[in-house]
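Each remark here refers to the structure printed beneath this line.
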Amino acid sequence: MSAHEVGKQVRRDRILEAAEELIRRRGDIQFGMRELAEKAGVSPATPFNLFGSKGQVLWALLERDLGKQRQRIADDVETDPVERVLGLARRAVLTYARDERLFRPLLSAVVSTNMLMPALLDRFTDLWHDALEEAEARRQLAADIDPALLARQLHLEYRAGLTLWLRGEVDVKGWNLHLMHGVLLVLRGSMTPRAAEKLHARLVSVQKKLAAAHRAKRSPKQTSKRRSAR
């Protein structure tokens, strides 16, 4: 890498670090590119020259995290591809939930920006696809199941839970239960009978926890209605 390219990468990193600091401090993404440049210690034109727009800066922050997730997957010692898929589902929740101050506003912005959604969908789908191709090679998937389409469906399950979390309709525990329930249902319906049977007990366990969570959420409302009726 030339000295020019090194300098360029240094400025990119400074801008991303500045954007991350601004999001954490403000709790939102309502900062301008001039403010970002000042925070990063670069000229006002540099963020535009290196990224093009604020949307691309936000996307670069997410891409950086996706790279870290890919590395964690590569380092995963779990040999069973189905277990890797389930592990990915758990990590997908915990990674963002552990740093809500950064990721809640960041993901809310990216999810609401239609221009970036195809790229976001492709990146996340690739993470699921890698493990599913291995499952297909091991003949764990049912005949004629397309790993690429299955990966896309798993990501849609993830997106559904993510949306509930971003809207504040579920907490982290609820998001994880919804995601695991959806992933287990999709996997069980896509695998050979023998492989699917191994997931049955886990699916039942998650369903019981999800049902209990729903009952607990309804109970205070029902109690309040009964009191009001009196």
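In region 1-27, what residues are surrounded by 12 or more Cβ atoms within 10 Å (Cβ to Cβ) and either of a type in the set (Lys, Arg) or not in a helix (DSSP H, G or I) (or both)?
Lys8, Arg11, Arg12, Arg14, Arg24, Arg26, Gly27, listed by residue number.
Yes or no: region 144-158 includes at least one residue that is in the same structural domain as Arg84 (by TED's automatic domain parsing), touching a residue at least 60 places away in the same chain (Cβ under 8 Å) and not small (Gly, Ala, Ser).
Among the residues of region 144-158, at least one is in the same structural domain as Arg84 (by TED's automatic domain parsing), touching a residue at least 60 places away in the same chain (Cβ under 8 Å) and not small (Gly, Ala, Ser), which makes the answer yes.
Specify the residue that is surrounded by the fewest Cβ atoms within 10 Å (Cβ to Cβ); the eligible residues are those in region 103-150 that are of a type in the set (S, T, N, Q) and modelled with pLDDT under 90.
So, considering only residues that are of a type in the set (S, T, N, Q) and modelled with pLDDT under 90, the one surrounded by the fewest Cβ atoms within 10 Å (Cβ to Cβ) is Asn114.
Mind listing whichever residues of region 77-104 are touching a residue at least 60 places away in the same chain (Cβ under 8 Å), charged (D, E, K, R) and within 18 Å of Ala19 (Cβ to Cβ)?
Arg101, Arg104
Restricting the search to region 160-199, which residues are under 12 Å from the mean Cα position of the chain (by Cα) and buried (at least 16 other Cβ atoms within 10 Å of the Cβ)?
Gly161, Leu162, Trp165, Leu166, Trp175, Asn176, Leu179
Sort out which residues of region 1-35 are more than 20 Å from Asp65 (Cα to Cα) and of a type in the set (A, V, I, L, M), and write them in order of number.
Met1, Ala3, Val6, Met33
I need the full set of residues from region 1-50 which are charged (D, E, K, R) and in contact with a Leu (Cβ under 8 Å, 6 or more places away or on another chain), in order please.
Correct list: Lys8, Arg11, Arg12, Glu20, Arg24, Glu35, Lys39.
Can you spot a residue in region 34-50 that is assigned to a loop (DSSP other than H, G, I, E, B), β-branched (Val, Ile, Thr) and under 21 Å from the mean Cα position of the chain (by Cα)?
no
I'd like to check something: does region 42-50 contain any residue that is modelled with pLDDT of 90 or more, out of contact with any Lys or Arg (no Cβ under 7 Å at 6 or more places or on another chain) and surrounded by 14 or more Cβ atoms within 10 Å (Cβ to Cβ)?
Checked against the condition, which is being modelled with pLDDT of 90 or more, out of contact with any Lys or Arg (no Cβ under 7 Å at 6 or more places or on another chain) and surrounded by 14 or more Cβ atoms within 10 Å (Cβ to Cβ), region 42-50 yields at least one hit.
The values are calculated or read from the model by the stated rules, or taken from the named source; none is laboratory data. Just so you know, these numbers come straight off a predicted model, no measurement behind them. Cβ: placed from backbone, ideal geometry, glycine included. Neighbour counts: every protein chain shown.
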